[in-house]
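Each value in this text was obtained by applying a stated rule to the coordinates, not by laboratory testing. Model, not experiment: these values are computed from the prediction. Virtual Cβ from ideal backbone geometry, glycine too; neighbours counted across all protein chains shown.
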Amino acid sequence: MEPISGVSRKAALIAGLPLPLRRLALRTVFRVYAAVGRSPRSGLADRFERVLRLPRREARRLDREAAFHDALAELEWLALLTRSRAAIQRDLAHVVTQSPEVLRRIAASGEPVILAPLHMGPYVIGLLSILVTFFPGRSVLILRRRDDRPLETRVMERITEFGMPVRFLTVTDRAGYLPAIRYARRGAVIVVFADLPPRYGKPAPMPIFGLPTAFAFGIDSLAHLTGATVVPLAIGAEAGGAVVVPRYPFAVQANDALERGRVADLMRRHIETTIRERPAQWHFWPSLQEYLAAEDPLMPIERAA
């Protein structure tokens with residue numbers, strides 16, 4: 001997703017609508033562009049065709065859908081920034097959590113928990129729904145990239161309006177790591193994105209789609225140090241809202257190479273399964289080459305696939 005250089009009047013108007021209506025409005029805009037032969041595209045058709053081994057026609061359809069979901073994600077950031085707390089609360093009614101008993105059981109323990117989503121779809125409103133519904137009043141620790149946009153930080157800070165203290169830790173901030181661990185041990189909900197490129201530290205080989213990919217990987221040590229249960233999350237956009245799917249939760253039992261390998265494989269399967277289910281909604285497709293850098297910086301994705 002590219003940084004927002006300015007907000008048009010049309011975008012601000014759509015972002016101010018209730019969630020189902022702004023989804024409909026955005027889809028209508030895209031259909032109008034398609035009707036006049038100007039369908040926005042993401043430029044990812046070749047990548048979808050080769051990596052996912054799709055027919056050309058399906059790859060081109062996903063290319064158009066990826067452009068839509070990038071625009072949708074930007075629209076949701078803007079909506080969460082500008083809409084009132086009461087309006088956002090009404091929007092959350094359109095987020096559905098599958099298997100909610102999984103999260104209820106974990107929340108009831110009062111112990112630390114790590115939520116591990118991907119950068120997919122309208123992931124922020126999905127996370128907010130989980131926090132408000134299942135972990136009200138709990139402290140929140142969000143691990144973020146050092147290059148997060150100011151808009152993203154401002155939106156995340158709005159979580160405090162729902163009665164939850166929020167603390168941020170940049171993934172490369174070594175000095176802040178131990179204080180954050182102490183904070184998290186007091187029953188915090190920790191948000192760790194599972195799909196960061198290896199340049200963010202401690203890369204682990206986690207091949208997806210037959211590619212020799214590596215991901216930044218610190219969930220194993222974080223879970224071990226805090227005693228947190230890890231809950232991989234899949235968050236996706238639906239026509240009138242969003243869906244959150246908690247995968248099978250797990251604990252980290254040791255701090256050794258064998259356990260690190262086991263946890264890395266669990267997260268690898270989570271990443272590949274989640275992307276395969278909704279390939280047009282993963283926002284890091286344009287950066288896929290970064291995930292191959294640890295294996296061979298010169299390897300073209302098309303040859304690797």
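The string of couplings for the stretch 59-64 from the Karplus curve (6.51, -1.76, 1.60, θ = phi - 60°) is 4, 5, 5, 5, 4, 5 Hz, one whole number per residue in order, with x for Gly and Pro. For the stretch 215-243, list residues with backbone N below 17 Å from a point placed 7 Å from the Cα of residue 28 toward its Cβ? 239-241, by backbone N distance to the label point. List the residues whose amide H sits under 5 Å from the amide H of residue 114, counting only those 5 or more places along or on another chain, with H placed 1.01 Å from N in the peptide plane. Hits under the 5 Å cutoff: 190, 229, 230, 231. The Kirkwood radius of the chain, taken over pairs of alpha-carbon atoms, gives through the Stokes-Einstein law at 25 °C and 0.890 mPa s a diffusion coefficient of 122 µm² s⁻¹.
Under the criterion of Cα pairs below 8 Å and six or more residues apart, the relative contact order for the stretch 9-82 equals 36 percent. By other beta-carbon atoms within 10 Å, ranking 170, 28, 226 with the fewest at the front produces 28, 170, 226. Three semi-axes describe the equivalent ellipsoid of the stretch 9-82; taken as square roots of 5 times the Cα gyration tensor eigenvalues and ordered largest first, they are 27, 14, 9 Å. Of 23, 38, 144, the residue with the greatest mean-square motion in the GNM of the chain, using alpha carbon springs below 10 Å, is 38.
Can you bin the stretch 74-181 into rounded, prolate or oblate? Criterion: square roots of the alpha carbon gyration tensor eigenvalues sorted a ≥ b ≥ c, rounded for a/c under 1.5, prolate for a/b above b/c, oblate for the rest. It is oblate, given that a/c is not under 1.5 and a/b is not larger than b/c. GNM on the chain, alpha-carbon springs under 10 angstrom: the most fluctuating residue among 79, 35, 251 is 35.
Ordered by the count of other Cβ atoms within 10 Å of each Cβ, fewest first, 111, 65 give 111, 65.
Among 138, 182, a tally of other beta-carbon atoms within 10 Å of each Cβ gives an order, fewest to most, of 182, 138.
For residue 97, the residues 5 or more places off, or on other chains, whose built amide H falls under 5 Å of its own are 244. Counted over the chain, the DSSP beta bridges are approximately 40% antiparallel. Here's how it looks for residue 215: its modeled amide H is under 5 Å from those of 204, 206, which are all 5 or more places away or on a different chain. Helices in the chain, meaning DSSP H runs of at least 4 residues, each add -39500 (n - 2.57). Divided by all residues, the mean residue ellipticity at 222 nm is -14000 deg cm²/dmol.
Note that the stretch 127-135 has calculated 3J(HN,Hα) couplings of 5, 4, 4, 4, 5, 5, 7, 10, 10 Hz, one per residue in order, obtained from phi through the Karplus relation 6.51 cos²θ - 1.76 cosθ + 1.60 (θ = phi - 60°); glycine and proline are x. Summary value for the chain: 22 percent relative contact order, contacts being C-alpha pairs under 8 angstrom separated by 6+ residues. Here the Karplus relation 6.51 cos²θ - 1.76 cosθ + 1.60, evaluated at θ = phi - 60°, turns the backbone of the stretch 86-93 into coupling constants of 5, 5, 5, 4, 5, 4, 5, 5 Hz, with x for every Gly and Pro.
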